[in-house]
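These notes concern the structure reproduced below.
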Amino acid sequence: MSEQKCLSCQGELEYAGGNMYARCKSCNSMFMNMNNVLTPYPVDEATRPMIEQALGFAPSASAVVKPVAPKSCMICSTDFEVVEKDDSVFTRCPRCGALSQVQGAGGLVPINVTPPGGGWNPKFQAMFEKELGFTYKERKMPIGIPE
Ligand SMILES: [Zn+2]
Ligand SMILES: [Zn+2]
């Protein structure tokens, strides 16, 4: 097969579906490959991962919706501290201590840290948060109580 390049950016292509479909490794443009002629195959970003999988491609990383952290705490309206770790985004409220993982655009899933033996353990909490990427900070008050 002759060397083909992305029609949009001249990037390298990868193929699926018995070379029937091509995707650019650089810009993710999709093409139909008929008799070595590339025809652009526009896909909607919302359905892209499903289409890519249906055609035999691994879903492109850029299709993953990056979590978007809300700006401030719902409990006490204080601006969040935000850290990113791998593909995850975490928020910590500097006032009430609410610790959450961001899901999608603005969704928060609370993270309840249970220390060995249970109860409230500021050192364990601070260490856990440091592992996520926050600055080490021992709270005086348990999570949920503004300090
Ligand atoms: Zn391209
Ligand atoms: Zn708060």
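Here are some notes:
- Quarter the surface of the alpha carbon convex hull of the range 1-88 and you get the mean projected area, 7.7 square nanometres.
- Each of Ser77, Ser60, Ser100 has some number of other Cβ atoms within 10 Å of its Cβ, and from fewest to most they run Ser77, Ser60, Ser100.
- Too-long pairs where the Cα-Cα distance tops 28 Å, listed order kept, from Lys66/Lys123; Lys25/Lys66; Lys85/Lys140: Lys66/Lys123
- Sorted by Cβ neighbour density within 10 Å, fewest at the top, the residues Ile143, Ile51: Ile51, Ile143
- Average Cα contact separation per residue, the chain, under 8 Å, 6 or more apart, as relative contact order %: 13
- Rule-of-thumb Rg ratio for the chain [Cα; 2.2 N^0.38 Å; N residues]: 1.54
- Considering helices alone, the calculated mean residue ellipticity of the chain at 222 nm is -3500 deg cm²/dmol, with DSSP H runs of length four and up weighted by -39500 (n - 2.57) and normalised per residue.
Read-outs throughout are calculated quantities, based only on the coordinates presented, and are distinct from any laboratory measurement. Quick caveat: nothing in here was measured; it's all calculated off a predicted structure. Quick reminder, even Gly has a Cβ in these numbers, built from the backbone with ideal geometry, and neighbours come from all protein chains shown.
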